[in-house]
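One structure is given below, encoded as C-alpha cells.
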Amino acid sequence: NAGVTQTPKFQVLKTGQSMTLQCAQDMNHEYMSWYRQDPGMGLRLIHYSVGAGITDQGEVPNGYNVSRSTTEDFPLRLLSAAPSQTSVYFCASSYHRPGLPTPLHFGNGTRLTVT
Amino acid sequence: KNEVEQSPQNLTAQEGEFITINCSYSVGISALHWLQQHPGGGIVSLFMLSSGKKKHGRLIATINIQEKHSSLHITASHPRDSAVYICAVDSGGGADGLTFGKGTHLIIQP
C-alpha cells in the first residue's frame, strides 16, 4: 500500500494563479480531508469528504474548492492564489465508522508559497 | 469547540533522558491521537487511545478521561526522536470533529 500520496511536494505560485493539489489514497477510506498548517497554529480543517460525491466545508474553506468523484482521489483547488494561502497543506484519510474513532493517515504535505 | 493545550511548546533534552509531553482538552472526547512530524516531513500517527495506556517500543501514551489529560512519554530518548509531537482530540468520530494542539517541538541532543 502506498497510503496517502500528495503531489506536488513544493509549489511556488504568483498571486492570482490557480493550481490543484492532488491527494490519493489506496486504503479504501471513506473519510478524506485537507488541512493547512501555519506557524504557531494547530492544523486547521479546510474541506472534508465522507464519501464519493459528498463534500463539506471545514473551519477555513474560503479560497479553496474540492470535489470527490472517486473514493481514492480528493483534489484541492486554489482558484486565485493569495499570499495568505502560503502554508503547508496536508491531506488525510481514515475509515468512517459512525461513533467510533479510527486511526488517521496523513500524506507527506505540500509546501505552497504564493508571492 | 474543544480547546487543546499542549505543554511544553519547546523541549530540548539530552540523549537518554525520559521525556514527557502533556495534552489537556476542555470537552469530553471519543478518542485522542498522538502524531509525530519530523522536520520537513509528513505526519505519522503514533497512538489513538480512548482510555488507559498504550505502549509501542520506547513510546508510551496515557489518558485520564476524568481529568481530560493525556501524556506522551519517551524512554531512553534518541536524537532521531527529534520532531514535533501533536495531540489531536476527536469529539465526533470524523474529520470535522478533530481539534489539534499547536504541537511540542522536541530536540534531543547527542
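The values are calculated or read from the model by the stated rules, or taken from the named source; none is laboratory data. Note that this is a predicted model, so its numbers are computed, not measured. Every residue, glycine as well, gets a Cβ built from its backbone with ideal geometry; the counts of neighbours run over all protein chains shown. Calculation scope for accessible area: heavy atoms of the full protein, side chains included, ligands and nucleic acids excluded. Shrake-Rupley method; radii C 1.70, N 1.55, O 1.52, S 1.80 Å.
Just a few scattered comments:
- Residue under evaluation A:Tyr89, criteria (1) open to solvent by 20 Å² or more (accessible area, probe 1.4 Å); (2) more than 9 Å from every other protein chain (Cβ to nearest Cβ); (3) of a type in the set (Phe, Trp, Tyr), criterion not met: (1)
- Qualifying residue in the stretch B:50-69 (condition: open to solvent by less than 70 Å² (accessible area, probe 1.4 Å), modelled with pLDDT under 95 and facing another protein chain (nearest Cβ under 10 Å)): yes
- Meeting the requirement of 1 or more residues that are touching a residue at least 24 places away in the same chain (Cβ under 8 Å) and more than 21 Å from A:Ser93 (Cβ to Cβ), the strands (runs of 3 or more DSSP E) wholly within the stretch B:11-74 are B:19-25, B:59-64, B:69-74.
- Scope the stretch B:11-49; condition surrounded by fewer than 19 Cβ atoms within 10 Å (Cβ to Cβ), more than 9 Å from chain A (Cβ to nearest Cβ) and of a type in the set (Val, Ile, Thr); matching residues: B:Thr12, B:Thr20, B:Val27
- Condition check for A:Asp26: open to solvent by 50 Å² or more (accessible area, probe 1.4 Å) and within 14 Å of A:Gly107 (Cβ to Cβ): yes
- For A:Leu100: the one exception among (1) at pLDDT 95 or above; (2) open to solvent by 40 Å² or more (accessible area, probe 1.4 Å): (1)
- Residue check, A:Met19 over 18 Å from A:Leu79 (Cα atoms) and not β-branched (Val, Ile, Thr): no
- Scanning the stretch B:83-95 for residues that are over 13 Å from B:Glu5 (Cβ atoms) and crowded, with 17+ Cβ neighbours inside 10 Å yields B:Ala83, B:Val84, B:Tyr85, B:Asp90, B:Ser91, B:Gly93, B:Gly94, B:Ala95.
- Counting residues in the stretch B:52-69 that are within 15 Å of the chain's Cα centre (by Cα) and of a type in the set (Asp, Glu) gives zero.
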